[in-house]
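Report on the structure given below.
The values are calculated or read from the model by the stated rules, or taken from the named source; none is laboratory data. Here the structure is a predicted model, which means the values were calculated and not measured. Ideal geometry is used to build each Cβ from the backbone, glycine not excepted, and the neighbour counts take in all protein chains shown.
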Ligand SMILES: *Cc1c(COP(=O)(O)O)cnc(C)c1O
């Protein structure tokens with residue numbers, strides 16, 4: 001208890017966080033992006049290598065997952081304006097949102113329906129490529145459709161891949177690894193949904209369930225993999241290859257904005273709101289965005305009020321040396337993928353000079369927004385994917401420079417939902433009907 005009092009004295013926000021209040025933290029260590037990128041230990045070249053790898057595998061995806069055809073075998077999602085949702089937010093929350101509201105629909109990413117397809121697929125593909133080269137099966141310029149055939153599948157059948165997950169990373173790693181022929185084990189935390197476990201088992205993936213949370217599932221998976229030299233462990237807490245796969249999103253979205261004729265620069269800034277679990281997904285994407293847009297992009301993470309692990313780690317500077325349980329939070333949330341009590345220290349350090357801020361969201365807010373988005377734009381996303389939707393409200397109401405400008409671009413990263421069964425999605429939607437999203441606010445709007 002003494003420790004808690006001391007922490008609250010040093011970081012008063014912890015008092016509100018411990019009470020599960022929705023808070024906004026602005027990062028005092030934010031610097032210019034060029035310096036931040038230099039100090040990260042990662043480079044534009046690293047991201048380009050990842051991007052080129054994904055291009056090499058495009059013919060493989062075209063062959064094995066025909067749903068990737070629209071994008072020529074690249075795993076990519078639509079970037080669209082959501083004007084009706086914008087109007088709804090203006091009406092409901094009475095904010096001065098004059099800029100453009102965009103959504104990046106990673107809920108519609110092909111094959112696995114969440115942002116995890118970006119990082120997770122990249123890591124699996126790199127592992128497969130390295131193995132194939134080691135066994136002299138392929139040179140870089142060869143046709144990668146061969147990866148779906150003998151002798152590749154035979155080689156992969158003697159190798160294992162393991163991962164710890166709250167659900168979506170397991171889906172991404174499991175589906176692709178199984179398609180390549182690997183023997184896959186997914187270590188699932190207690191909060192993982194039954195339908196995700198069943199879907200994986202139907203693809204021949206071994207699912208091991210734990211009573212405990214995400215950190216425990218990762219720890220057990222890591223331990224088991226360490227004992228087996230034939231097993232590659234996808235380390236969600238520390239993986240550069242996951243991070244770089246996510247980062248490729250930067251150049252992709254820059255191309256999408258350019259194609260639409262949307263300019264991003266210092267006077268037309270881009271505000272991006274990314275749901276954060278352990279940090280790799282939002283961190284990697286934010287890194288890629290900084291490479292693409294420099295100081296013209298401002299990145300915010302969003303976390304559940306019961307699991308603000310990255311906020312706690314970055315604010316205290318303790319990074320992965322502190323968990324949300326230490327401030328009395330239970331890490332229980334309906335937001336799959338965000339139920340993480342301890343953040344990635346690797347990501348926290350990379351983001352220290354690059355991240356604008358972090359805010360927290362209540363579960364009920366997520367359900368309310370999920371329903372609004374379905375009603376206004378017919379976009380179906382899972383609860384965690386809505387965490388970014390509160391971002392513009394935070395930046396505008398706290399007076400962030402240019403956030404209320406007509407030239408501001410606000411981008412909500414919708415991170416998942418594409419694989420949610422219809423009946424589960426219906427339940428989410430109904431849950432959102434019980435929520436008064438902005439109590440008292442809408443009446444203030446009547447002048
Ligand atoms: C995993 C996940 C995130 C966050 O990614 P991290 O790398 O864990 O921070 C956000 N949204 C969804 C839907 C996810 O599955």
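Values computed for the structure shown
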quantity: Boolean, residue 305 is more than 19 Å from residue 236 (Cβ to Cβ) and either within 15 Å of the ligand (Cβ to nearest atom) or not assigned by TED's automatic domain parsing to the domain that holds residue 197 (or both); calculated: yes
quantity: Number of positions in region 391-419 that are surrounded by fewer than 24 Cβ atoms within 10 Å (Cβ to Cβ) and either within 16 Å of the ligand (Cβ to nearest atom) or not assigned by TED's automatic domain parsing to the domain that holds residue 273 (or both); calculated: 2
quantity: Check on residue 186, closer than 21 Å to residue 418 by Cα and surrounded by fewer than 24 Cβ atoms within 10 Å (Cβ to Cβ); calculated: no
quantity: Selection from region 92-111 of residues that are surrounded by 22 or more Cβ atoms within 10 Å (Cβ to Cβ) and either on the phi > 0 side of the Ramachandran plot or within 10 Å of the ligand (Cβ to nearest atom) (or both); calculated: 106, 107
quantity: Qualifying positions in region 72-85 - free of Cβ contacts under 8 Å to residues at least 40 places away in the same chain, over 18 Å from the mean Cα position of the chain (by Cα) and surrounded by 22 or more Cβ atoms within 10 Å (Cβ to Cβ); calculated: 73
quantity: Positions within region 220-239 being surrounded by fewer than 19 Cβ atoms within 10 Å (Cβ to Cβ) and within 16 Å of the ligand (Cβ to nearest atom), in sequence order; calculated: 238
quantity: Flag if residue 83 is at pLDDT 95 or above and within 25 Å of residue 329 (Cβ to Cβ); calculated: no
quantity: Boolean, residue 261 is free of Cβ contacts under 8 Å to residues at least 24 places away in the same chain, in the same structural domain as residue 359 (by TED's automatic domain parsing) and more than 16 Å from the ligand (Cβ to nearest atom); calculated: yes
quantity: Residue in region 274-282 that is within 23 Å of residue 410 (Cα to Cα), surrounded by 21 or more Cβ atoms within 10 Å (Cβ to Cβ), more than 10 Å from the ligand (Cβ to nearest atom) and in contact (Cβ under 8 Å) with a residue 60 or more places away in the chain present; calculated: no
quantity: Candidate set: region 103-125, residues that are part of a strand (DSSP E or B) and in contact with a helix residue (DSSP H, G or I) (Cβ under 8 Å, 6 or more places away or on another chain); chosen: the one farthest from residue 197 (Cα to Cα); calculated: 103
quantity: Residue that is without any contact (Cβ under 8 Å) to a residue 24 or more places away in the chain, crowded, with 19+ Cβ neighbours inside 10 Å, away from the ligand (no atom under 16 Å from the Cβ) and assigned to a helix (DSSP H, G or I), where the choices are 128, 132; calculated: 132
quantity: Count of region 374-390 residues which are surrounded by 24 or more Cβ atoms within 10 Å (Cβ to Cβ) and either in contact with a helix residue (DSSP H, G or I) (Cβ under 8 Å, 6 or more places away or on another chain) or within 17 Å of residue 296 (Cα to Cα) (or both); calculated: 9
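Every residue, every condition in (1) within 15 Å of the ligand (Cβ to nearest atom); (2) over 19 Å from residue 31 (Cα atoms); (3) not assigned by TED's automatic domain parsing to the domain that holds residue 170, yes or no:
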{"position": "257", "(1), (2), (3)": "no, yes, yes"}
{"position": "292", "(1), (2), (3)": "no, no, yes"}
{"position": "301", "(1), (2), (3)": "yes, no, yes"}
{"position": "325", "(1), (2), (3)": "no, yes, yes"}
{"position": "358", "(1), (2), (3)": "yes, no, yes"}
{"position": "362", "(1), (2), (3)": "no, yes, yes"}
